[in-house]
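Enquirer: Pasting a structure here, questions to come.
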Amino acid sequence: MAKKIQRYETQMQLFDPKSNLAILSEVPIRPKIGFQYIFKWEDKLKRQEWRVDGFRWRQYSTVTFKYGDVDCKRYYFKLQVGPGNKFKTDFTRHAIECPLYENKILIWYQGDDSLAVDAALKDAKDSEKDGKAPQRFETQMQLFQPEANLPILNEVPLRPKGGFKYIFKWEIPLKRQDWRVDGYRWRQNTMNRFSYHGVDSKRYYFKLQVGHGDEFSMEFTKNAIECPLHENQVLVWYQGDETVARDFAHGNSKDPEKEYHRTAPSVLKKIQMETETEKLPLQVYSDLLTDCSNRARHMIDAPRDVKQVQNARKFIRRAERSINDSPKEKKQIRNTPKVQRKIPSKAERSSHDVADAIYTLYSCETDAKDSEKDGKAPQRFETQMQLFQPEANLPILNEVPLRPKGGFKYIFKWEIPLKRQDWRVDGHGDEFSMEFTKNAIECPLHENQVLVWYQGDETVARDFAHGNSKDPEKEYHRTAPSVLKKIQMETETEKLPLQVYSDLLTDCSNRARHMIDAPRDVKQVQNARKFIRRAERSINDSPKEKKQIRNTPKVQRKIPSKVERSSHDVADAIYNLYSCETDFVSDLQIAPYLLIICFDKNTVSEFRKFIKRDDLTTQCLTYDTTFAIGELYLSVLTFRQPEFEDNPVIPLMYMIYERDVPEVHNTFFMRFAEAVPEFSTPQRMIITSNEEVAITNAIAKHCPDVPRLRCWQHALQNIKLKLQIFNITERQKVHQYESDFIRLLNQDSAGKYKSLLAQMYLKRWKKEFSDYFDMAIDPDMNRMGAWALRPFGISLQTATSSESFSGIMKRLSETNLQWNKSSVDLLASSLLKITDFFNVRVARSRYRLADYAYTLKASLNDFYGESDCDLSEAMTVEQLMDTIKNVTNRNGIQGRIMNNPPFKKMINTQSPDLRCFRFKGGRRTNASTFTARRYAPQRIDSSMEGICILESNSVDEADNSSIAVEHVILVDEAELDQDTVMYICH
């Protein structure tokens with residue numbers, strides 16, 4: 001039995017001694033591409049040293065995989081080629097660590113090593129001159145030496161310029177961190193630990209804050225190195241342009257004009273130390289201000305104000321109380337409302353607490369005096385809460401106003417919990433700006449109410465597309481939460497997405513509010529339902545089943561059969577087709593079996609024109625039913641394009657159906673007769689098909705005057721099958737019977753055919769085959785032979801027009817496309833692309849553009865002169881197959897079909913101003929007619945524009961508001977029986 005291939009098997013083999021890989025205990029410096037080695041460490045301290053090799057690497061991924069029964073790790077590194085996020089993956093490093101190989105790690109390099117930073121290479125070469133391995137940050141560490149002549153300062157310079165370097169040396173531990181504060185607004189970006197001569201050192205990186213929030217600049221940076229070899233010292237240097245620095249207020253400051261400067265850590269620690277003394281905050285502030293004799297340095301070496309001293313002392317005392325209180329006491333304090341908490345008496349309070357209270361009163365600016373007038377303590381947001389009162393005369397609305405202006409205030413009141421969150425959606429977009437803001441307050445004292453008010457300039461609001469939208473011009477508006485919940489509630493019903501969409505659209509009578517109070521389109525309903533069902537499946541699946549599905553490659557996952565699929569999944573796929581704006585899918589039937597009819601309206605329109613033209617040959621249609629696609633069948637009606645010498649085959653109409661019953665062919669030709677009313681001109685059109693009874697009956701019923709020919713190639717296939725039954729299997733004899741049949745077909749007249757047939761019966765054929773031919777083939781020879789086709793201006797080759805289409809389908813099947821696993825919408829999308837393929841070929845050949853496929857008849861050269869129209873590029877069959885592969889690899893058709901370039905150029909998507917569902921049918925045993933009442937005739941969104949929604953209610957014949965119905969309305973599958981034939985016609 002073949003051994004199962006392990007993941008990363010090739011790389012793991014390199015651990016084997018047979019691979020002769022170098023095993024090193026010291027990391028090589030800047031190895032070349034293709035270099036491979038195993039790093040082995042004796043001491044645990046050196047375990048991670050393989051990560052440092054002279055290049056600037058950034059680990060961007062780690063993959064854990066199984067090798068045997070052991071968890072291993074593979075590391076991926078990319079190369080940093082500049083400051084910030086400048087990385088390259090053209091030169092990479094990889095490593096594998098496996099517990100099976102203790103104290104070892106496999107490392108290899110790939111790509112172009114010339115991308116490495118030249119400065120690092122220079123450091124490596126300089127170090128080689130000294131005969132020792134280079135140290136990390138060697139250049140910077142040399143600045144600690146006296147030879148560097150760097151100033152050694154015990155006071156941090158104020159706002160140094162770019163390029164300045166110095167060593168900060170502290171005498172007392174209190175000032176150890178003062179080098180961090182220099183008058184600029186720095187944010188530590190990162191800190192790297194590195195080893196220098198066996199000693200752990202640190203390098204700090206700082207970026208400059210130039211505004212509120214995340215406004216930082218890398219144009220001016222600060223760096224620092226701290227090494228235990230140089231005691232009580234920190235090397236600090238600045239790079240870049242110091243003019244980018246900005247002074248601005250603290251993010252929590254009430255005064256936006258007041259500049260904020262960070263206070264030195266040593267000053268903050270002095271304030272904390274003074275907490276133990278008897279000094280008041282004002283005294284502490286005064287003493288520290290006096291200690292800083294240089295007034296220019298007050299911004300960092302002295303407290304900002306008395307408030308800073310008070311806050312520091314409060315913080316320390318709060319921390320002390322937190323340590324002293326037991327957990328039970330802390331919990332009791334937290335659970336007690338602030339207004340009910342016990343205030344300690346004067347005797348219980350320390351002198352410092354009293355002083356702090358006094359200074360709090362002294363320094364804060366409160367509205368205590370104003371509150372005393374009312375005789376009660378002020379409440380937070382008192383002014384806004386007063387707006388809930390009736391005296392405020394604020395409008396109380398149960399419908400959210402659409403796009404209110406700045407300054408507008410209202411109270412939203414909901415009657416049902418479903419609408420509780422609707423106040424959040426008002427038609428304004430989600431782009432961020434503080435120039436126009438919305439605020440809201442919800443209070444349990446005012447039940448079922450929310451106070452909402454707007455501030456600023458509403459003109460800054462913009463309408464724009466959703467971030468995931470494929471159409472950047474399509475504006476996005478959020479749908480009200482209550483509408484989304486209604487869609488979710490409808491999931492439990494048997495309604496289809498289009499019905500749910502129609503009902504919700506009807507509920508919103510005000511068309512101006514459709515942007516928030518109605519679904520955007522049918523697709524939104526489908527997506528909401530899919531999300532809910534996916535969540536339900538996720539709940540029902542066990543964790544083991546979920547993991548098994550995730551670990552199974554997509555191509556190997558089982559696709560559920562038709563029985564396993566729910567009716568809603570099929571309906572969603574069908575409505576994906578129906579709701580798209582291409583009009584390619586014309587007819588849909590869901591129950592009692594699936595049936596879909598597709599055609600390109602532009603192609604049908606051209607075909608109708610060809611029938612009326614006397615300068616063109618008779619149109620030869622071919623109806624082919626030989627395509628079986630897994631659980632579905634595909635029948636195609638094709639015709640010959642008579643404007644070209646080649647008479648190319650063009651697909652006209654398709655039918656996808658689930659069950660091969662006579663009704664499907666009857667439905668197809670009924671639809672064909674409706675789409676091509678010119679079928680009543682028999683001298684301009686003929687139909688070729690096989691002799692299946694259901695097909696011949698359907699043609700005779702709906703196209704009685706159109707001559708019907710029998711397809712001689714299908715007849716030839718039947719002859720081959722009979723030869724096998726008669727045990728005539730020798731290749732030479734089989735070829736003889738085939739040749740005899742072709743000779744009979746090519747006779748000039750029926751008389752010559754009869755004469756030659758008599759010779760075949762007497763001298764060449766076996767009796768059993770002669771009897772079969774006399775019964776099954778001979779009666780139809782006057783509808784297959786060349787003498788029968790000649791009056792229509794066609795030959796035997798022309799009569800078998802669908803075979804070229806069959807060749808395309810055969811080539812597609814040879815590319816391992818899983819047609820039997822394609823959903824209905826993907827299959828229809830593929831058929832549309834095949835139609836576009838032929839349409840583009842015809843268009844380019846008419847105007848003799850580059851790579852045209854067919855030769856235009858000479859008489860039509862003047863009719864189709866030079867064209868200025870922008871036609872799609874020509875496509876080969878291989879490119880067509882690749883395009884269809886891309887379709888089958890995605891989900892759904894909506895939005896994808898209209899983005900197909902050939903379709904944009906060739907398909908006429910204009911539709912009448914008014915369309916409606918038309919229904920026809922009933923039981924075959926009872927040809928009673930139905931009527932339907934026009935319901936909610938209003939225009940809706942682009943995917944439903946001009947559609948009349950009909951309901952299947954019987955009405956009085958005298959009712960002028962009713963309309964005659966030709967097709968039965970779609971109802972639940974459970975309400976139908978097997979005798980019901982129904983479909984929806986667009």
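Enquirer: With 18 Å as the limit, write out which pairs from K733/K767; K470/K601; K470/K523 have Cα-Cα distances beyond it, or answer none.
Expert: On the way: K733/K767 15 Å; K470/K601 26 Å; K470/K523 14 Å.
Distance filter (> 18 Å) returns K470/K601.
Enquirer: Rounded to the nearest 0.05, what FRET efficiency do E645 and I725 have when you use their Cβ-Cβ distance and R0 = 60 Å? Before the final figure, lay out the partial values.
Expert: Values: r = 42 Å, r/R0 = 0.69.
E(calc), rounded to 0.05, equals 0.90.
Enquirer: May I pose another question? What is the extension gain from Q389 to N468, computed as 0.36 nm multiplied by their sequence separation minus the C-alpha to C-alpha distance, in nm to one decimal?
Expert: Fully extending the segment from Q389 to N468 adds 24.1 nm.
Enquirer: Let me ask something else. Measure off 7 Å from each Cα along the Cα-to-Cβ vector at E9 and E257, then give the distance between these two points in nanometres to one decimal.
Expert: Spacing of the two 7 Å Cα→Cβ label points: 7.7 nm.
Enquirer: Between I172 and F432, with labels modelled 7 Å along Cα→Cβ, what's the label distance in nm to one decimal, could you check?
Expert: Going from the I172 label point to the F432 one covers 4.4 nm.
Enquirer: Using a cut-off of under 16 Å, list every residue of segment 717-748 whose amide N is near the label point 7 Å from the Cα of E768 along the Cα-to-beta-carbon line.
Expert: 719-730, 734
Enquirer: Follow-up question, since we're still on this one. In segment 419-456, what chymotrypsin sites (Phe, Trp or Tyr not before Pro) fall in a loop by DSSP, with at most 14 other Cβ atoms inside 10 Å? Don't skip to the answer; put the middle values down first.
Expert: Numbers: sites: W423, F432, F436, W453, Y454; in loops: F432.
Qualifying residues, ordered by number: F432.
Enquirer: Additional query: What's the lysine pair count for segment 174-279 at a Cα cut-off below 20 Å, pairs eight or more apart or interchain? Walk me through the numbers before you get to the answer.
Expert: Details: K175/K202; K175/K222; K175/K269; K175/K270; K202/K222; K207/K222; K269/K279; K270/K279.
The result is 8.
Enquirer: I've got another one for you. Hey, what's segment 160-271 come to in accessible area per residue, 1.4 Å probe, Å²? Before the final figure, lay out each step's value.
Expert: Details: 5910 Å² over 112 residues.
Heavy-atom accessible area per residue stands at 53 Å².
Enquirer: Then there is this: Could you state how much accessible area R58 has, in square angstrom rounded to the nearest 10, with a 1.4 Å probe and all protein chains kept in place?
Expert: About 110 Å², rounded to the nearest 10.
Enquirer: Over all alpha-carbon pairs in segment 423-505, figure out the percentage whose distance exceeds 16 Å. Show your work: numbers first, answer last.
Expert: Details: 2337 of 3403 pairs.
Of the Cα pairs, 69 percent sit more than 16 Å apart.
Enquirer: Counting other Cβ atoms within 10 Å, keep those with at most 10, restrict to DSSP loop, and tell me which GluC sites (Glu not before Pro) in segment 200-247 are left. Walk me through the numbers before you get to the answer.
Expert: Working: sites: E215, E219, E226, E231, E242; in loops: E215, E231.
Loop-located and lightly packed - E231.
Enquirer: Then there's this: Keeping all protein chains in the complex and leaving out DNA, RNA and ligands, what accessible area do you get for H714 with a 1.4 Å probe, in Å² to the nearest 10?
Expert: Taking all protein chains as shown, H714 has close to 30 Å².
Enquirer: What FRET efficiency do you get for E382 and K269 if R0 is 45 Å and r is their Cβ-Cβ distance, rounded to the nearest 0.05? It would help to have the intermediate numbers written out before the result.
Expert: Values: r = 40 Å, r/R0 = 0.89.
For E382 and K269, the calculated efficiency is 0.65.
Enquirer: Right, next: Which order do R185, R731 take by accessible area at a 1.4 Å probe, largest first? Write out the running numbers ahead of the final one.
Expert: On the way: R185 35, R731 210 Å².
Greatest to least solvent exposure: R731, R185.
Enquirer: How do M191, M784 rank by accessible surface area computed with a 1.4 Å probe, from largest to smallest? Don't jump to the answer; show the numbers that get you there.
Expert: On the way: M191 65, M784 0 Å².
Of M191, M784, the descending order of accessible area is M191, M784.
Enquirer: Then there is this: Please list, by residue number, every one of the GluC sites (Glu not before Pro) in segment 718-801 that is coil in DSSP and has at most 13 other beta-carbon atoms within 10 Å. List each step's numbers first, then the result.
Expert: Working: sites: E730, E738, E768; in loops: E730.
Taking segment 718-801 and a limit of 13 other Cβ atoms within 10 Å, the loop GluC sites (Glu not before Pro) found are E730.
Enquirer: Between rounded, prolate and oblate, where does segment 186-276 land on the alpha carbon gyration tensor, with a ≥ b ≥ c its root eigenvalues, rounded for a/c under 1.5, else prolate if a/b exceeds b/c?
Expert: Numbers: a/c = 2.79, a/b = 1.34, b/c = 2.09.
The shape class here is oblate.
Enquirer: In addition: Treat each spin label as a single point 7 Å out from the Cα along the C-beta direction, and report the V52 to L153 distance in nm.
Expert: A separation of 2.9 nm, rounded to one decimal place.
Enquirer: Now, a different point. Using R₀ = 51 Å, calculate the FRET efficiency as 1/(1 + (r/R₀)^6) where r is the Cβ-Cβ separation of A535 and Q36; round to 0.05.
Expert: Values: r = 48 Å, r/R0 = 0.95.
E between A535 and Q36, to the nearest 0.05, is 0.60.
Enquirer: Can you give the extra length, in nm with one decimal, that the chain gains between A750 and K612 once fully stretched, where that is 0.36 nm per residue apart less the Cα-Cα distance? Don't jump to the answer; show the numbers that get you there.
Expert: Details: separation 138, 0.36 × 138 = 49.68 nm, distance 3.05 nm.
Full extension of this stretch gives 46.6 nm more.
Enquirer: Could you please put R613, R403 in sequence from largest to smallest accessible area, using a 1.4 Å probe?
Expert: On the way: R613 55, R403 80 Å².
In descending accessible area the options line up as R403, R613.
Enquirer: Can you give the extra length, in nm with one decimal, that the chain gains between D660 and H250 once fully stretched, where that is 0.36 nm per residue apart less the Cα-Cα distance? Display every interim value, and only then the final one.
Expert: Working: separation 410, 0.36 × 410 = 147.60 nm, distance 7.72 nm.
Going from the current span to full extension adds 139.9 nm.
The values are calculated or read from the model by the stated rules, or taken from the named source; none is laboratory data. Keep in mind it's a predicted model, so treat the numbers as computed, not measured. A quick note on method: Cβ atoms are made from the backbone with ideal geometry, for glycine too, and the neighbour counts reach across all protein chains shown. Only protein heavy atoms, including side chains, enter the accessible area calculation; ligands, DNA and RNA are left aside. Shrake-Rupley method; radii C 1.70, N 1.55, O 1.52, S 1.80 Å.
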